[in-house]
Amino acid sequence: MAPANADSTSKSRFAWLLATFFGVGHLQPGPGTWAAALTILLWWLAARWIPDAGLATVAVAASAAITLMGIPVSTAVSRESGRKDPGIVVIDEVAGQMIALIGVPLHWKYVLASFILFRSFDIVKPFPLRRLERLPGGTGIMMDDVGAGLYALALLQIWLHFMAR
């Protein structure tokens, strides 16, 4: 018979695994940058098998799923580590970078622009992103990056609409 806390131990391990994006959060320097870069690489590889017409839909669905999964696992790691926003938690960067990739053509210059814009907004945290960090637990951890991804998405779509033709 398994110990009474075996289920909570496996849930905790899963939370740490997902919150650190399978250990990427332990990479130095800049674990958030590593997570965003790996997200782009995985998106680029997956996009090879997804028809262009469905790419934005997949990016929206992936962004939503990552965000919804990221909130509870970030909350768990925050509690267990005793830190409000542990640097090893990078699932928020994965979600934000995925949002920045929504509707981006599969071309290096647009993908690079999504990376630069997202990381810039995530680091600088223009209004009201810094306030979103104050939300409780994993919600605060995730939402500032979701906001940074939305800012990057908006600028990229404006660029694509008006400038990239």
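The values are calculated or read from the model by the stated rules, or taken from the named source; none is laboratory data. This one's a predicted model, so the numbers in the text were calculated from it and none came from an experiment. Note that each Cβ is placed from the backbone with ideal geometry, even for glycine, and that neighbours are counted across all protein chains shown.
Annotations
- One residue stands out among those in the range 39-55 that are closer than 21 Å to THR20 by Cβ and touching a residue at least 24 places away in the same chain (Cβ under 8 Å): the one that is surrounded by the most Cβ atoms within 10 Å (Cβ to Cβ), which is THR39.
- Contact annotation: residue pairs with Cβ atoms under 6 Å, 6 or more positions apart or on different chains, pairing a residue in the range 114-125 that is over 17 Å from ILE141 (Cβ atoms) with a partner that is at pLDDT below 95 and outside any helix (DSSP H, G or I), are SER114/VAL104.
- Meets criteria (surrounded by 18 or more Cβ atoms within 10 Å (Cβ to Cβ) and either touching a strand residue (DSSP E or B) at 6+ places or on another chain (Cβ under 7 Å) or more than 22 Å from ALA154 (Cβ to Cβ) (or both)) for ILE91: yes
- Segments classed as helices (runs of 4 or more DSSP H), wholly inside the range 85-165, with at least 2 members that are modelled with pLDDT of 95 or more and among the hydrophobic types (A, V, I, L, M, F, W, C): 91-100, 108-124, 137-162
- Residue in the range 19-33 that is farther than 18 Å from GLY137 by Cα, in contact with a helix residue (DSSP H, G or I) (Cβ under 7 Å, 6 or more places away or on another chain), surrounded by fewer than 20 Cβ atoms within 10 Å (Cβ to Cβ) and modelled with pLDDT of 90 or more present: yes
- First in the range 59-73 and touching a residue at least 60 places away in the same chain (Cβ under 8 Å), second anywhere and in a helix (DSSP H, G or I) and among the hydroxyl-bearing types (Ser, Thr, Tyr), Cβ under 6 Å, 6 or more apart: ILE71/THR139
- Lone unmet requirement of (1) in contact with a helix residue (DSSP H, G or I) (Cβ under 7 Å, 6 or more places away or on another chain); (2) surrounded by fewer than 20 Cβ atoms within 10 Å (Cβ to Cβ); (3) not aromatic (Phe, Trp, Tyr) for PRO136: (1)
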